[in-house]
Amino acid sequence: MLLTHSHVLFIHHWGQHTWTHICCRRPKRSRIQQYWARVPDLPDGTDAARSPAVLLEEFLRDRDKQLPNNGQGPFFYIGGSNGASIISAYCKSKGWQHTQDSQWEDYRPKWCEIKCRDNYHNFREGQQLLLQLPNNKLLTTKIGLLSALWEHERTLSKVNQMPPGAQARVPKMEDFFPETYRLDISNERQTFFALFDETQIWICKPTASNKGKGIFLIRSQEELAILQAKTHSTKDGPLHSKTSFRGPQARVVQRYIQNPLLLNGKKFDVRSYLPIACAVPYMVFFGHGYARLTLNLYDPHSSDLSGHLTNQFMQKQSPLYMLLKEDTVWSMDHLNHYINDKFQRTKGLPRDWVFTTFTRRMQQIMTHCFLAVKSKLERKLGYFDLIGCDFLIDENFKVWLLEMNSNPALHTNCEVLKKVIPGVVMETLDLALETSQKSLRGQKMLPMRSQRRFTLLHNGEADQSPNPRLRPAASSARLRPPAPPRPRPPGPTPGEQPSGRRGTGQRGC
């Protein structure tokens, strides 16, 4: 029972009625104190089976259900199911122990599908690893990426600091990103409405969704009129611009690429990876992924979105998916052999075009996109990320970036995915561990003993100033030694339920 008098806190202990003067300010209560605060006073004659000692025993038993077997740590936490078995196996191979307590702060790595404010507020820089940079939406939303590329291109055109010949190596946005307009900005919306004609197909996308949700095609004046009616109430202005990522009208329209390269008559795109292993300094890599094919033959006039969108979620809608799912995912080797056989001579391509010209082009585009946002990303030692990048090749073998995705799918429901995904996840974690330790100790990053299949795109050591006073504030974490492990606290409050789900991840992770 807690009483206050003249801002002085007293605690009434069980047993003999003694009062103890503690302090003038109420301290933060531990979980066991919070538990006892909810236990009502027991009147005289209470059944011994529900005595305070028994209640305490029940509390500790509930807590121990949440603890690993020996309860000593270090711990890891996984929020959500995307790739959870791969991540868990990796962490256990390091001797780490799984905790299901999302609020537990003494973790080593924390891999969550959905960003949560508490994760960043409680993050201990230089001592922990946390997946997803807080504001990675600059790259991984349609409006974020579009705005970043626009601004970066304007900056490069105004500031000519590149040596002669270097400008030719910088990709132009129009050469790799389909023509795109924001529907939440009046002048862009009106520009699109004015230029639309029925000879071209446009695709409308929400800015921050996945799995093809909310996407539709615009091919006729009737469909355009419906879109105009939906966007008629859109408000413009500085306030709306700041909140456009979450607004219901936060959409883009993009010119649909009607002449995609086909594999056996089917549309496809390529998923590649952009691992940001370290943020202080930036260590950014490229990883090969796989090709994603539609189940049906490509028909640009079809109204069935599963023939236009290649992601697995859309293909699973077909009743034939379980029978033909292995045909919807190709390895990069398979893709390379197919293009060698079908197109090398007819199109005059170099041998192994997939692993030479195409790979270099993807790396160039991904580096360009990262540099467009590098100065704006929130960075601390221990932040890392794994971003999925989707590319399309047209029939002229021109490479287009479609989008970049946070929390890319890590499912392994096909044989190709079983070979690709675990390697991507494990090398990302290996590089995150190695780079964070080297940064903490002030060591040189290269050579990287954990680097196997990934290619280094950006080494941020060159960005670090030799003058410590001019270094980013985040690099101060190198000077702090890791804190010793603390005893495991009580687990979740009895009766506490896991938080709900949103999108593809678990909230509250």
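Checking the structure you have, find out if any residue of the stretch 403-416 is free of Cβ contacts under 8 Å to residues at least 12 places away in the same chain and open to solvent by 10 Å² or more (accessible area, probe 1.4 Å). No.
Condition check ((1) surrounded by 20 or more Cβ atoms within 10 Å (Cβ to Cβ); (2) among the β-branched types (Val, Ile, Thr); (3) out of contact with any Ser or Thr (no Cβ under 8 Å at 6 or more places or on another chain); (4) closer than 30 Å to Ile218 by Cβ) across all residues:
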{"residue": "Leu293", "(1), (2), (3), (4)": "yes, no, no, yes"}
{"residue": "Lys316", "(1), (2), (3), (4)": "no, no, yes, yes"}
{"residue": "Asp341", "(1), (2), (3), (4)": "no, no, yes, no"}
{"residue": "Gly348", "(1), (2), (3), (4)": "no, no, yes, no"}
{"residue": "Arg351", "(1), (2), (3), (4)": "no, no, yes, no"}
{"residue": "Val373", "(1), (2), (3), (4)": "yes, yes, yes, yes"}
{"residue": "Lys376", "(1), (2), (3), (4)": "no, no, yes, no"}
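Any residue in the stretch 360-383 that is in contact (Cβ under 8 Å) with a residue 24 or more places away in the chain, β-branched (Val, Ile, Thr), outside any helix (DSSP H, G or I) and in contact with a helix residue (DSSP H, G or I) (Cβ under 7 Å, 6 or more places away or on another chain)? Checked the stretch 360-383: no residue is in contact (Cβ under 8 Å) with a residue 24 or more places away in the chain, β-branched (Val, Ile, Thr), outside any helix (DSSP H, G or I) and in contact with a helix residue (DSSP H, G or I) (Cβ under 7 Å, 6 or more places away or on another chain).
When we screen Leu323, Leu297 for residues that are modelled with pLDDT under 95, more than 29 Å from Arg255 (Cβ to Cβ), surrounded by fewer than 18 Cβ atoms within 10 Å (Cβ to Cβ) and over 28 Å from the mean Cα position of the chain (by Cα), the only hit is Leu323.
Against the test of being acidic (Asp, Glu) and more than 23 Å from His411 (Cβ to Cβ), the options Asp327, Asp333, Asp299 yield a single qualifying residue, Asp299.
The residue that is modelled with the lowest pLDDT, among those in the stretch 303-315 that are within 17 Å of Leu263 (Cβ to Cβ) and not β-branched (Val, Ile, Thr), is Gln312.
Looking only at residues in the stretch 116-133 that are open to solvent by less than 50 Å² (accessible area, probe 1.4 Å) and not in a loop (DSSP other than H, G, I, E, B), the one that is nearest to Gly80 (Cα to Cα) is Leu131.
Residues in the stretch 417-426 that are open to solvent by 40 Å² or more (accessible area, probe 1.4 Å) and in contact (Cβ under 8 Å) with a residue 24 or more places away in the chain were compared, and the one that is nearest to Gly289 (Cα to Cα) is Lys419. Kindly check whether there is at least one residue in the stretch 386-397 that is surrounded by fewer than 19 Cβ atoms within 10 Å (Cβ to Cβ), assigned to a strand (DSSP E or B) and among the charged types (D, E, K, R). Yes, that holds for at least one residue.
The values are calculated or read from the model by the stated rules, or taken from the named source; none is laboratory data. This is a predicted model, so every value here is computed, not measured. Counting neighbours? That spans all protein chains shown, and the Cβs are built from the backbone with ideal geometry, glycine included. For the accessible areas, the whole protein counts, side chains as well, though only heavy atoms, and no ligand, DNA or RNA atoms are used. Shrake-Rupley method; radii C 1.70, N 1.55, O 1.52, S 1.80 Å.
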